[in-house]
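My structure is below; once you've seen it, I'll send some questions.
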Amino acid sequence: MTEGGTRALIPPGRERTAGAGYSPGVVVANRRLVFVAGHTGQDDEGRPIADPEAQFVSLFERLRQVLAAADGSFADVVDMTSYHVSFDTLEVFLKVKARYLTGPVQPAWTAIGVSALGIPGCLVEVKLTAAV
């Protein structure tokens, strides 16, 4: 367990996931769970940002605000689900994600392809669970 009571579950034979930006599972002990609704990258007017990298930065900054309101940070994230309208921008998404989710325990993560999101023009929606 880390100091905060969280540890990655990496079964034998699955050690390659340790450097892949996610954990197959995460154990949490003695912490409050915070469930963060899906967020997308938008400008201050609620419009999608055209540039994929800028859209993903906005998305993670919006998630950061909610985590901070719960006295948490990205270090507290134990589960992440991302919904992608296309995986053409996945490489850019992964680079931005790596700036925010820096470990030492990477969250369990599922990436799902979808045909559309609630706000047309958004490329990805992300929801989180954090243990603070």
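The values are calculated or read from the model by the stated rules, or taken from the named source; none is laboratory data. The model shown is predicted, which means the values in this text are computed figures rather than measured ones. FYI the Cβ positions are ideal-geometry reconstructions off the backbone, even for glycines, and counts take in every protein chain you see.
Working carefully through the options Lys95, Lys127, find the one that is surrounded by fewer than 16 Cβ atoms within 10 Å (Cβ to Cβ) and either of a type in the set (A, V, I, L, M) or in contact (Cβ under 8 Å) with a residue 60 or more places away in the chain (or both).
The match here is Lys127.
Would you point out the residue of the range 96-132, among those that are over 13 Å from Val36 (Cβ atoms) and basic (Lys, Arg), that is nearest to the chain's Cα centre (by Cα)?
Only one residue tops the list, namely Lys97.
Taking Val57 as the residue in question, decide whether it is modelled with pLDDT of 95 or more, over 11 Å from the mean Cα position of the chain (by Cα), closer than 11 Å to Thr40 by Cα and aliphatic (A, V, I, L, M).
Taking the combined requirement at face value, the residue satisfies it.
Search the range 17-54 for residues being of a type in the set (S, T, N, Q) and at negative phi, and hand back the single one that is modelled with the lowest pLDDT.
Result: Thr17.
I would also like to ask the following. So is Ser23 within 20 Å of Ala8 (Cα to Cα) and in a loop (DSSP other than H, G, I, E, B) or not?
yes
Right, something else. Within the range 39-53, can you find the residues that are out of contact with any Phe, Trp or Tyr (no Cβ under 7 Å at 6 or more places or on another chain) and either assigned to a helix (DSSP H, G or I) or not β-branched (Val, Ile, Thr) (or both)?
Once the filter is applied, which keeps residues that are out of contact with any Phe, Trp or Tyr (no Cβ under 7 Å at 6 or more places or on another chain) and either assigned to a helix (DSSP H, G or I) or not β-branched (Val, Ile, Thr) (or both), the range 39-53 yields His39, Gln42, Asp43, Asp44, Glu45, Gly46, Arg47, Pro48, Ala50, Asp51, Pro52, Glu53.
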